[in-house]
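Q: Please find one structure pasted underneath; my questions will follow.
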Amino acid sequence: MTALDLVILALVALLITGALAAMLLRNLLGAAVATALVSLGVSVFFVILRAPDVALTEAAVGAGLSGLLLALAARRLGLWRIEVQQSEEERQC
Amino acid sequence: MLTRYGSLLFATGFAFLLFSLFIALPMGEPPTLAGQAILNEAANSVGAANIVTSVVLAYRGIDTLGELSILFAAATAVGLVLGGQARAPRPSKEDGAGGFILQTGVDLLFPLLLVVGFYIILHGHLTPGGGFQGGVVLAAALVLPVLARPEESPSPAALAWVEGLAGAAFIATGLAALAYDHAFLTPLLGAGQLGDLFSAGTLPLLYLAVGLKVGAELAKLLLRLAEEGPAA
Amino acid sequence: MSEFGLVALLVGALGLIAIGIAGLVLARNLFRLVLALAVAEAGANLLLVLAGFRQGASAPIIEGGSTLHQVAMVDPIPQAMVLTAIVIGVGVQALALALAVRAREAYGSLDMDQLRARMEADIIAAAGTAPTTSQEAPSGARPLPPPLPSPARIAAEEPSS
Amino acid sequence: MIALTVALPLLAAFLLPLLPALARQFLGPLVLLAVAAFGLCLAGNALDAPSVVAIGDFRPPLGIVFYADGVAGLFVFAIAVVTLLLWPCATPNGQPDPQITRKHSLTLLMAAASCALALSGDLFNIYVFYELAAVAGYGLAAGSRTPAAQVATFRFTLLGSLGSLLALIGITLIYFRAGSLNLAHLAELAPSTLHDPLGLAGFLLILLGFGVKSELFLVNSWAPEVYATAESRVSALLAGLISKLALLAVVRLLVLVFPVPEASQLLLVLGMLGILTGELAAYRARDFRRLLAWSSIGQLGAAFVAFAIPGPAGLMAGIAVALHHLMVKPALFLLAERWGGNLAQLAGAARNSPIAAALFVLFALSLIGVPPLPGFWAKYLLLSGLAGEPAGLWWLAGLVVLTTTVVEAVYLFRIIGTLYGHQQGSVMQSRTATTGSGIFALLLVGTALSAPLLAAPLQKMATQLADTDGYVAQVISATITAPQRSGTAP
């Protein structure tokens, strides 16, 4: 087991945690941030897998742009306000 | 409740099934018949140092055309769903200006982002990056000033012209090959010297079209979602 | 990278796909559904790049400007495919978000079950199969109201915000 | 010329928002007419020999090829004609639609994507254009701008994206195993690499993915909701056209790469379940559009069953079923645009609109399969194909088709009874819809009259579609040099 393997293992654990957080966090804005973090983690894997083009794209599109889209949509959906969210999150998994 | 556990079981089973399938594959030693053939000849026949660019724009150019069309379709569909013409976002409640520091920062960033965006696009055939990545930077450059001065958003009509003409330019470059008795989307102008800025024939031009189209498209999407909807 | 690292990457990619699909099946909040799709897509992209990876190979970019200098490179085709898939994914995501925004504005909810119930009621009302439909409203006129938001829709979104 | 069928509509779609208002009206239909002409040429030429073009002049396993055989040419022609007949126009209320340019753009994108689906010979290219057709479809489905349509489209989008995700995983699996994406190259590689559980799993994933649009059992729950809420023309496009093109992509994969019994039986079982669920749900439907949606699911199930039959006989039956559905279902949706949803309110409609009622009777009879009409020939080919196979699942499928024909007859005659009944209902007027479905009726009758003449070309097309060796030879010989095989799969 090399150092790279350890890095990969740690990142995989982080990714899975991030994905679970994106699915389970009560706060939807936090969940969106977790999703962007997952994309960022995946783009690190692309660097490790010798795919710099894909890594750049995933970081720019998957993490940056899609995160921005999610944040803007969350604002229009009124998810930035806590009280609205709680009433809507009552029966959410 | 039962369906919930059933679904979880299904997802776990699906993942396990995929795992048992993929673990049987030669991890790290793929067959790559077509891929290896491209690696062997791309440098000579296309002339782009970045072979992924050769694949994206030359070997699988029509995939990229389809992808641009998908982005265009998505932007059109978002316009259709959100309705009407794009309107400028209302000045925010703290009375418009996002503060002196934000405004100055954006003023400094805007030209910088433009330069970086075009650099990434035009070096797409040499280094990692290209139309998509550069296009995202361009979109960011267009959208950032809106944060500082909500009243000065780029005109939707100008964005529509850029995206329409850039898309048409991509197809026109492809059609130009027909005039020279080549198939649709054949790269023209020769391969050039590998590693030069002016190499790989029409590929940098195609990437420029891609970058402009992606930039305009994404800026449009962001601006539409940034509008203050009645519910917000 | 050892065999172990590759297997760990595979587990990571499949884990993301599984979590994303489970989220797609289980979640009921529209926003959460979009997030689940994004997570699953990230996993699928990782899987695709993994399919082109070759041990000890370099990135598919020729350095030094010489074609004679041949080193083993990873497969460029899956990388080009992933580039396409990422951009497609963000387009679909924007569309889904726009639809969610409109659904929320119209029905005042983000809960898929509630929204489906409202939609079901609307379809029945539009088709005129419900006994309450009045005679003066011709059945065919209802499914396609003029594109302007009706007062009823604006009223419906008020209580939520 | 082959690539133009895709490039021209795309170009027109990009430029449409920039043109002056007058040019916007005519550009789309003109381009579609040109595509229809190209399609006829392609189909005519292909009856002699299929033509191949390597996009970008790269030899096939490296680049992407478009392969135009008879079926592809026929479908390109059908795409252009059907899209032209269903071209979005002012809302039924007669008001001009401010969003019309966007709808025109999306319709053109959808037509281009459909042509590419019919022609493409590359697995990932098929995926990309399938996605394009899908995204344009989402946009159009939400185009009626009612809240119900937006909720239905959201579910459609998510289910469609889940399907695309599965298809992408399937493509990854196949690429990882075989190392190529070109269908001809895969056909050569398949016996040694893909005819095992792994390859079949890849096929199943792609089948489920593309099955979303072709209303395959398990992944069709979007159809009744979307067809009930979208504009009728859009429902007609999705049910009539896009479903067939997704089906054609699956069939090419099945014929070229997976000609194994397991794959066929998979299609057969899913198709059978589709027929059963579709027709039984249609029997219970009280809403005209949803009835059409469920019956569409049943019809496409029949097409899946037909394509599952190995050999040219099954392909011919499949093409016949698909083409018949392509003519009848859009016409019925156009009638739904005229009549609206509620079945009970159709009472006595025959007095107000005798022509539309007569057209409905014609289409219903063809759907049931009454002899001189094309529906009869489609069902006859399907049943004789099934009978030619060994007993067991195949005969069970034949039994299912026969039984559901009775169910179909019952619910369609129930509507005819209502139409010509004595009660009085209220009925909308929409002249263009009747004209459109009248043209479909003429096509249908024309097909019925020329059935003996059409049999030979159809047979030829089916043989071409089934000819794997011919496909491979044609694609590989289109290259400048023979494809280089660097090493074999370990």
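Since every read-out is calculated from the coordinates, none of them should be taken as a lab result. These numbers come from a predicted model, not from an experiment. Counting neighbours? That spans all protein chains shown, and the Cβs are built from the backbone with ideal geometry, glycine included.
Q: Need the full-extension length gain, D:Ile355 to D:Phe413, defined as separation in residues times 0.36 nm minus the C-alpha distance. One decimal, nm.
A: Details: separation 58, 0.36 × 58 = 20.88 nm, distance 1.72 nm.
Computed gain between D:Ile355 and D:Phe413 is 19.2 nm.
Q: Once each part is reduced to its C-alpha centroid, what is the distance from the range B:157-186 to the range D:133-153 in angstrom?
A: The two parts, judged by their Cα centres, are 29 Å apart.
Q: Can you work out the FRET efficiency for the pair D:Ala21 and A:Asn27, with r the C-beta to C-beta distance and R0 = 45 Å, to the nearest 0.05?
A: Details: r = 48 Å, r/R0 = 1.06.
After rounding, the FRET efficiency stands at 0.40.
Q: Further question on the same structure: Apply the Karplus curve 6.51 cos²θ - 1.76 cosθ + 1.60, θ = phi - 60°, to the phi angles in the range D:460-466 and return the couplings in whole Hz, x for Gly and Pro.
A: 4, 4, 4, 4, 4, 5, 7
Q: For the range D:87-184, what D do you get in µm² per second when you plug the Kirkwood radius from alpha-carbon pairs into Stokes-Einstein at 20 °C and 1.002 mPa s? Can you show the working numbers first?
A: Values: Rh = 15.1 Å.
Result for D is 142 µm²/s.
Q: Please compute the contact order of the range D:4-477 in relative form: average sequence separation of alpha-carbon pairs under 8 Å and at least six residues apart, divided by the residue count, as a percent. Spell out each step's value before the answer.
A: Details: 789 pairs, mean separation 70.2, N = 474.
With pairs under 8 Å counted, the relative contact order is 15 percent.
Q: How much of the calculated P(r) for the range D:270-346 lies past 16 Å, in percent of all Cα pairs? Could the numbers behind the result be given before it?
A: Working: 1564 of 2926 pairs.
Of all Cα-Cα pairs in the range D:270-346, 53 percent lie more than 16 Å apart.
Q: Taking Cα centroids, how far is the range D:450-480 from the range C:1-24 in Å?
A: Computed from Cα coordinates, the inter-centre distance equals 43 Å.
Q: As an exercise, use a Förster radius of 35 Å and the Cβ-Cβ distance of B:Gln103 and A:Ala10 to find the FRET efficiency, rounded to the nearest 0.05.
A: Numbers: r = 41 Å, r/R0 = 1.17.
After rounding, the FRET efficiency stands at 0.30.
Q: Once you have the alpha carbon radius of gyration of the protein assembly as shown, what is it after dividing by 2.2 N^0.38 Å, with N set to its residue count?
A: Numbers: Rg = 26.8 Å, N = 976, 2.2 N^0.38 = 30.1 Å.
Relative to the 2.2 N^0.38 Å estimate, the protein assembly as shown comes out at 0.89.
Q: Could you give the C-alpha radius of gyration of the range D:4-477 expressed as a fraction of 2.2 N^0.38 Å, taking N as the number of residues it contains?
A: Ratio of Cα Rg to 2.2 N^0.38 Å: 0.92.
Q: Quick one: if you stick a label point 7 Å off each Cα along the C-beta vector at B:Phe16 and D:Leu218, how many nm between them?
A: Placing both labels 7 Å along Cα→Cβ, they lie 1.8 nm apart.
Q: At a 10 angstrom cut-off on C-beta neighbours, averaged per residue, how do the peptides D:285-297, D:366-378 rank from highest to lowest? Could the numbers behind the result be given before it?
A: Working: D:285-297: 24.8, D:366-378: 21.1.
Peptide ranking by packing, descending: D:285-297, D:366-378.
Q: Next question, about the same structure. Taking 23 Å as the cut-off for C-alpha to C-alpha distance, list the pairs among B:Lys213/D:Lys213; D:Lys213/D:Lys460; D:Lys103/D:Lys213; B:Lys220/D:Lys244; B:Lys220/D:Lys213; B:Lys213/D:Lys244 that go past it.
A: Values: B:Lys213/D:Lys213 28 Å; D:Lys213/D:Lys460 28 Å; D:Lys103/D:Lys213 20 Å; B:Lys220/D:Lys244 33 Å; B:Lys220/D:Lys213 28 Å; B:Lys213/D:Lys244 31 Å.
Distance filter (> 23 Å) returns B:Lys213/D:Lys213; D:Lys213/D:Lys460; B:Lys220/D:Lys244; B:Lys220/D:Lys213; B:Lys213/D:Lys244.
Q: Picking from D:Gly301, B:Ala148, C:Val74, whose Cα lies most toward the positive end of the charge dipole for the protein assembly as shown (charges on Cβ: Lys, Arg +1; Asp, Glu -1)?
A: Comparing the listed Cα positions along the dipole, D:Gly301 ranks first.
Q: If you find the alpha carbon centre of the range D:244-291 and of the range D:200-234, how far apart are they in angstrom?
A: 10 Å
Q: Using a simple spin-label model with points 7 Å from Cα along the Cα→Cβ vector, what separation in nm is obtained for D:Tyr420 and D:Leu280?
A: With each label placed 7 Å out from Cα toward Cβ, I get 3.1 nm.
Q: A further question on this structure: Set the Förster radius R0 to 25 Å, insert the Cβ-Cβ distance between B:Leu8 and C:Val7 as r into 1/(1 + (r/R0)^6), and round the FRET efficiency to 0.05. Intermediate values should be presented prior to the final figure.
A: Values: r = 24 Å, r/R0 = 0.94.
Given R0 = 25 Å and the Cβ-Cβ separation, E is 0.60.
Q: Then there is this: At 222 nm, what value in deg cm²/dmol follows for the protein assembly as shown if DSSP H runs of at least 4 each add -39500 (n - 2.57) and the sum is divided by all its residues, to the nearest 500? Kindly include the intermediate steps, with their values, before the conclusion.
A: Numbers: 38 runs with 675 residues, N = 976.
Using -39500 (n - 2.57) per qualifying helix, the result is -23500 deg cm²/dmol.
Q: Residue-wise, which Karplus ³J(HN,Hα) couplings in Hz belong to the range D:232-244, taking 6.51 cos²θ - 1.76 cosθ + 1.60, θ = phi - 60°, and x for glycine or proline?
A: Ordered by residue, 3J(HN,Hα) equals 4, 4, 5, 4, 4, 5, 5, 6, x, 9, 4, 4, 5 Hz.
Q: Would you calculate the separation in nanometres between label points at B:Trp161 and A:Val47, each defined as 7 Å from the Cα along the Cα-to-beta-carbon direction?
A: The answer from the label model is 4.1 nm.
Q: Provide the convex hull volume over Cα atoms per residue for the range A:3-89, in Å³.
A: Values: hull volume 6.1 nm³, N = 87.
Dividing the Cα hull volume of the range A:3-89 by its residue count gives 70 Å³.
Q: To one decimal place, what Kirkwood hydrodynamic radius in Å is obtained for the range D:1-160 from all pairs of distinct Cα atoms? Intermediate results must be reported in sequence, preceding the final value.
A: Details: mean 1/r = 0.0605 Å⁻¹.
Final number for the Kirkwood radius of the range D:1-160 is 16.5 Å.
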